[in-house]
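Visitor: Have a look at the structure that comes next, please.
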Amino acid sequence: MDTAPPPSSVTELPGTPRQLRDLVRGVPWLGALADDEIASLLEDSVPRTLKSREWLFRQDTPAEWLHIVISGTVRLVRSAGDGRLATIRCVERGGTLGELSMVSREGVYLYSSEALQRTQVLSIPAARCREIMDRQPECRAEFMSRLALELTDRLEDLALLTQGDAMSRLVGYILRQLPAGHGKGPRVIRLTIPKRWLAAQLGMTPETLSRLLARLRDDGAIAIDRQRLTVRDEQKLRTFMLAES
């Protein structure tokens, strides 16, 4: 299956040159590139617009592109041996898709990617990304560091799915979404993906997710206002996690 964006979905590069440079520079292992290097990378890149529920790429197809989400939301899913799809996580603006394939010996995507709403992505040739890492040790080191963090998160997800209950999985997810820093004030998380997809990612039903969020809210650990989740008491969250594990 050809992974290049079909002509019907290709659009002109959205945003100003500066906005696009900032988008690429927001990828940690591409952040050290000079402006002229980013401009050269953008010349070879292809923007693509996806409709809701359209697949960007499929598992086990040739991984010829690395994608950066410009707008919208994409979910990553992996097909299990019995044919069922397991949601890995959801990716929003600035997130990358297909990085694991960069170190795959087979050179194929290790999961599938589906748009949850109208979504724009910037598709960068994987060969160009590999060339950058080969040429710039600092980019390669940052890439491997980020990859290690990603694998650590996935191992934690696996441990919670196999050993923890639903509350532990939810609290673990919330704690990982907290912004960096440990200020005294409450910290805010935006729940921008539909609850049914978040529930699928956490291995529970949407009804269970709503019930657990209400329990955390009633206990004073969090506050919820539409898509805005405020962590009021991080220690209470951790207590919930330990009590339920």
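Every number in this text was worked out from the coordinates using simple rules, so none of it is lab data. Please read these numbers as outputs of a predicted model, since none were measured by experiment. Methodologically, a virtual Cβ is constructed for each residue, glycine included, from the backbone with ideal geometry; neighbour enumeration extends over all protein chains shown.
Visitor: With no solvent and one equal point scatterer placed on each C-alpha of the chain, evaluate the Debye formula and give log10 I(q)/I(0) for q = 0.07, 0.09 Å⁻¹, two decimals.
Guide: For the chain at q = 0.07, 0.09 Å⁻¹, log10 I(q)/I(0) is -0.26, -0.43.
Visitor: I would also like to ask the following. Using the Karplus equation 6.51 cos²θ - 1.76 cosθ + 1.60 (θ = phi - 60°), what ³J(HN,Hα) coupling, rounded to whole Hz, does each residue of the stretch 229-240 give in order, writing x for Gly and Pro?
Guide: Whole-Hz 3J(HN,Hα) from phi for the stretch 229-240: 10, 10, 7, 8, 9, 5, 5, 5, 4, 5, 5, 4.
Visitor: How high is the relative contact order of the chain? Use alpha-carbon pairs under 8 Å, at least six apart in sequence, and give a whole percent.
Guide: Averaging sequence separation for qualifying contacts and normalising by length gives 18 percent for the chain.
Visitor: Work out from phi, with θ = phi - 60° and the Karplus expression 6.51 cos²θ - 1.76 cosθ + 1.60, the ³J(HN,Hα) of each residue of the stretch 16-32, listed in order in whole Hz, and give x for Gly and Pro.
Guide: Result, ordered by residue: 7, x, 5, 4, 5, 4, 5, 4, 5, 5, x, 6, x, 7, 10, x, 8 Hz.
Visitor: Looking at the square roots a ≥ b ≥ c of the eigenvalues of the Cα gyration tensor of the stretch 50-135, which shape do they give, rounded for a/c under 1.5, prolate if a/b is larger than b/c, or oblate?
Guide: The shape class here is oblate.
Visitor: Order 126-134, 88-96, 33-41 from most to least packed using the mean count of other Cβ atoms within 10 Å.
Guide: 88-96, 126-134, 33-41
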